[in-house]
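Contents: one structure, followed by commentary.
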Amino acid sequence: MRAIAALLLATLLGGCGKGDPATNQAKPKAVANVIAPINSSIPANAADDAPPAPQPVAKAKPLVSRETSKTLPSPPDYRAIGTEPFWGVTLRGSTVLLERPDHPPLRFSVHDQSDDRAIRLVGDGFTLTATEGPCSDGMSEAIWSDRVQIAFADGTLKGCGGMREDGP
């Protein structure tokens, strides 16, 4: 594109005999008006009188400082799920979060009372007991490392937890 613009400029300047730096003559106004558009970028559809197509607007990404990246939540210490009824438990530190559809989430502060046979997390009105053994969640072909039972004010829930191994 620049080669075509240079050729056009040379033709315009050579044809008028003016504007040659060697002769120190001024450029005619017609040539001066052509130079600016030639040196600027010309869109591919400049021959059309249609306005340029709108370009998609990129959404601004929020800046994340190094301080923020240090405070991202860590993975849970322990995770368990159950079906019929559906429920999920996430342990982070000494707090257990119990989530169920159509119920508000419940948080329990717990302490560890595990022994050689089971993991046992006990809190005010809450007990989670996990025993070693393969457990199927009943919905997928996944096998979990632990069988889990939760006892709390609304009753007892049974499910699977620990490490998940996806089936074939």
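All of the numbers you see were taken from the coordinates with simple rules; none came from a lab. Quick caveat: nothing in here was measured; it's all calculated off a predicted structure. Please note: Cβ atoms are built from the backbone with ideal geometry, for glycine as well, and neighbour counts cover all protein chains shown.
General observations
- Scoring 139-148, 112-121 by mean Cβ neighbours within 10 Å over their residues and listing the highest first yields 139-148, 112-121.
- Taking other Cβ atoms within 10 Å as a rough exposure proxy, 122, 89 sort from fewest to most as 122, 89.
- Charge sum, other residues only, whose C-beta stays under 15 Å from residue 160's C-beta, Lys/Arg counted +1 and Asp/Glu -1: -3
- Each residue of segment 135-148 was assigned a 3J(HN,Hα) from its phi angle through the Karplus expression (A = 6.51, B = -1.76, C = 1.60, θ = phi - 60°), giving 9, 9, 6, x, 10, 10, 8, 6, 10, 9, 6, 10, 9, 10 Hz with x at Gly and Pro.
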